[in-house]
Structure formats: structure tokens, C-alpha cells
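*Asks:* Before we start, here is the structure in question, set down as C-alpha cells.
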Amino acid sequence: MRTTFDRIRQAILFEGVALVILVTVGMVFLDLTLAGIGVIAVAGSVIATVLNYVYNLLFDLALTRQTGSAEKSLHARVIHTLGFEISMLLLMLPFVMWWLDLTFVHALLFDMSFTLFYLFYTFAFTWAYDRIFPAPAPISGY
């Protein structure tokens, strides 16, 4: 099991590396200013962090009320993931439209590209993190 320090380090590195990638891609390939993409990336990071806590708490409470346990089946995990991503999209879409002065369709495509990025990024980051900072071996008997 990972320590609190390790979890904090992982969260900070996860968000920091993502911000560097998103800001760089936004500036180089999308011709956005640092303020344009930087504010979107930081706002998205803050919103995702807060939403993650609240959404997971509410989802676990609802799941426990419905099934008697917070243990997630594959079906529950798919619903959990889709619900989180849709919630994130709904929260970010108006802000992206306003901040970047985009139409609904363009903001939706922009937001969906963020979602796609994070699907692959999360997989790659957690894989690399687990290789660089392996979790300690479980204590025997627990």
C-alpha cells in the first residue's frame, strides 16, 4: 500500500506533467496563448481534483445504498468512469466557451480532446510512475 507522501507526490506529478504537456501542445499546435491554454489547463486541474473527491464520495454512497457495498463491479466502474467524464465535460464546457470565445461545437470538440488526452495520459503516467516508484510489498498476513 502506498504512503500518504507517495500519494501526494503522485498527484502533484500527475497534474504538473499534464499541465506542461497541455500548455505546450496548446501553444505550439493550437496557436493558443499561454493565458488561453494555461488558464483552461489549471482550471481543469482544479475542477477535476475537487470533482474527483465529491463525485467519488457521492458515487460510493449511492453504490453502498444500492448494493450494500462500495465494491465496484466492472459495470459499476464503467458507469463511474462515464459519469465522471460527463460531469467534467458539463462543468468545463461553459468555461471553455467563454474563456476561449468558442462556439458550442468547437468547445465540445476541444473538451473532448482533453478527455481523450487524459484517457491515454492516465494510463501512461500511472504505468511509468509504478515503474519509477514501485509500491512497497504488502506486509505478510494482511
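The values are calculated or read from the model by the stated rules, or taken from the named source; none is laboratory data. Worth saying up front: this structure is predicted, and the values here are computed from it rather than measured. Virtual Cβ from ideal backbone geometry, glycine too; neighbours counted across all protein chains shown.
*Asks:* Please count how many residues of region 57-107 are of a type in the set (Phe, Trp, Tyr), in contact with a helix residue (DSSP H, G or I) (Cβ under 8 Å, 6 or more places away or on another chain) and within 15 Å of residue 43 (Cα to Cα).
*Replies:* 2
*Asks:* Considering only residues that are without any contact (Cβ under 8 Å) to a residue 40 or more places away in the chain, closer than 19 Å to residue 135 by Cβ and aromatic (Phe, Trp, Tyr), which ones fall in region 1-47?
*Replies:* Across region 1-47, the qualifying residue is only 5.
*Asks:* Suppose we filter region 70-108 for residues that are surrounded by fewer than 13 Cβ atoms within 10 Å (Cβ to Cβ) and either part of a helix (DSSP H, G or I) or among the charged types (D, E, K, R) (or both); how many remain?
*Replies:* Number of matching residues: 14.
*Asks:* Separate question: Can you tell me how many residues in region 1-35 are out of contact with any Phe, Trp or Tyr (no Cβ under 7 Å at 6 or more places or on another chain), part of a helix (DSSP H, G or I) and of a type outside the set (A, V, I, L, M, F, W, C)?
*Replies:* Residues that pass the stated criteria total 7.
*Asks:* Would you check which residues across region 48-59 are farther than 21 Å from residue 97 by Cβ and either touching a residue at least 60 places away in the same chain (Cβ under 8 Å) or surrounded by 16 or more Cβ atoms within 10 Å (Cβ to Cβ) (or both) and list them?
*Replies:* Just the residues of region 48-59 that are farther than 21 Å from residue 97 by Cβ, to begin with: 49, 52-59.
Of everything in region 48-59, those that are farther than 21 Å from residue 97 by Cβ and either touching a residue at least 60 places away in the same chain (Cβ under 8 Å) or surrounded by 16 or more Cβ atoms within 10 Å (Cβ to Cβ) (or both) turn out to be 55, 59.
*Asks:* Let me ask something additional. If I ask for residues that are at pLDDT below 90 and of a type in the set (Asp, Glu), which ones from region 7-37 would you list?
*Replies:* Listed by number, the list holds a single entry, 15.
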